[in-house]
1. Hey, what number do you get for the chain at 222 nm if only DSSP H runs of n ≥ 4 count, each worth -39500 (n - 2.57), divided across all residues, to the nearest 500?
2. Roughly how many percent of the accessible protein surface of the chain is carbon and sulfur, given a 1.4 Å probe and a whole-percent answer?
3. Find the accessible area per residue for the chain; the probe is 1.4 Å, ligands and nucleic acids are left out, and the unit is Å².
4. How big is the accessible area of Arg8 in square angstrom, nearest 10, if you roll a 1.4 angstrom probe over the protein chains?
5. Between Rg and the Kirkwood Rh of the range 18-145, both from Cα atoms, what is the Rg to Rh ratio?
6. Which of the helices in the chain meet the span-like rule: DSSP H, Cα axial reach of 18 Å or more, Kyte-Doolittle mean at least 0.0?
7. Sticking with the crude label model, points 7 Å out along Cα→Cβ, report the distance from Met1 to Val49 in nm, one decimal please.
8. Name the residue farthest towards the positive end of the dipole of the chain from the options Val80, Pro13, His161, assuming +1 on Cβ of Lys and Arg, -1 on Cβ of Asp and Glu, about the Cα centre.
Amino acid sequence: MGTTPDGRPIPPPHADERAMLESWLEFHRATLALKCAGLDDRQLRLASVAPSAMTLLGLVQHLTVVERNWFQRVFAGRDVPLGHSPETDDGFALDPDRDADEVLTAWRAEVARSRAAIAAASLDGSRVLPEQWVALVGSREVSLRWILAHLIEEYARHNGHADLLRERIDGATGA
């Protein structure tokens, strides 16, 4: 697999379904990491524009929660903590006592756990959703295929936010 000039893995133009889904998810994970690269803790905590409080570090925390919920809680059926207060923030709220290195390390570790959780699994394997998610998804069960497609969408959407945040911080655009 080739890489872009900035080092992100290029999804193959021809591959089986699983390789295609996993490679696009890896591309979007690498894009988020790229958007955070070279910034210090203060910069990663800068909000976009009022009234939004969204930050790059908040996006990383949120996507850590997303990875944990879909791959550990739903797919692997593990009873792991949500990692945020479901009534308030979906992982976006920043803890002043938690530095950027800690947040990024936690995200990378969660991504590694996600990869391990699905390594030998079938795309067709179904998993039962927590009751409170059924209305959001429109089904009681989802397949690994659905989870991977959803995670690609989730990262792609938030990488758009990350583009705007990064441009505001230091003018970097693209990718």
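1. So the calculated ellipticity at 222 nm is -16500 deg cm²/dmol.
2. 56 percent
3. Result: 52 Å² per residue.
4. My reading of the accessible area for Arg8 is about 20 Å².
5. Rounded to two decimals, Rg over Rh is 0.98.
6. 100-118
7. 3.5 nm
8. Checked the options; the winner is Pro13.
The values are calculated or read from the model by the stated rules, or taken from the named source; none is laboratory data. Bear in mind the structure is a predicted one, so any value in this text is a computation, not a measurement. Cβ: placed from backbone, ideal geometry, glycine included. Neighbour counts: every protein chain shown. Just so you know, the surface numbers come from the protein's heavy atoms only, side chains and all, with ligands and any DNA or RNA stripped out. Shrake-Rupley method; radii C 1.70, N 1.55, O 1.52, S 1.80 Å.
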